[in-house]
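Below is one structure; the comments refer to it alone.
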Amino acid sequence: MSLLFAAIGATITALAEASLGPYIAVGSVTPHLVLVGGVIWTVAAGIDRGVTWAFVGGLVLDSLLGRPLGASAFSLLVAVGGAALLAQPFPRLRLVVPVVAVPVLSLVFSLVLLGVTAAARQGGIVADPLTLLTPGALYDAVLGFFIGPLVVVIHDRRTGTERPDW
């Protein structure tokens, strides 16, 4: 049932990113809400829920934004896999992992999406992609800084750990 909730959450977040993204833009920079949610949810709930979030959210984004089908899903799966790799060795630092992982993986997501989209459409390559994509990563970093620890704490409080009764 939790995989279903991850799919529903990703769909709602993708709809919000596609419809509200231009209205919450700062300058020409729009947030990657599905990416931020996927990375944070992977750190909080685990890789299986994160992969579900990334795949469903990526397909919804591709269908709504007119990207090649599977480009966003593949890029999100790479980012979610990176989040799982970052969260696994640091179980005690789970509150800090989203703060660090979101900006790094936002840049990775954007670079992979740019490469996949350029390869699928056979368009020109951007001369300096880092200067183009860094403001978006900073916007996502601010969102991850505020939302990440909050989601991890709420998830940890709602899932009770089993302890032996003495």
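Each reported figure results from applying straightforward, stated rules to the coordinates on display, with no laboratory input. Being a predicted model, the structure only gives us computed values, none of them experimental. Note: ideal-geometry Cβ built from the backbone for every residue, glycine included; neighbour counts use all protein chains shown.
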Using a Förster distance of 25 Å, how high is the FRET efficiency between ARG121 and ALA25, based on the Cβ-Cβ distance and rounded to 0.05? 0.60
In nm, spacing of pseudo-spin labels at ILE154 and GLN88 (7 Å Cα→C-beta vector): 2.8
Defining a contact as two alpha carbons under 8 Å apart and six or more residues distant in sequence, what relative contact order in percent does the chain show? 25
Could you derive backbone 3J(HN,Hα) for the range 56-62 from the dihedral phi with the Karplus parameters 6.51, -1.76 and 1.60 (θ = phi - 60°), listing whole Hz in sequence and x where the residue is Gly or Pro? 5, x, x, 5, 5, 4, 4
Could you point to the label whose value was computed as Rg and Dmax of the Cα atoms in Å for the structure here, given (i) 18.1, 56; (ii) 26.4, 95; (iii) 16.1, 66? (iii)
How much length is gained if the chain between ALA16 and LEU95 is pulled fully straight, taking 0.36 nm per residue apart and subtracting their Cα-Cα distance, in nm to one decimal? 25.9 nm
When the helix-only estimate is applied to the chain (DSSP H runs of n ≥ 4, each -39,500 (n - 2.57), divided by the residue count), what is the mean residue ellipticity at 222 nm, nearest 500 deg cm²/dmol? -25500 deg cm²/dmol
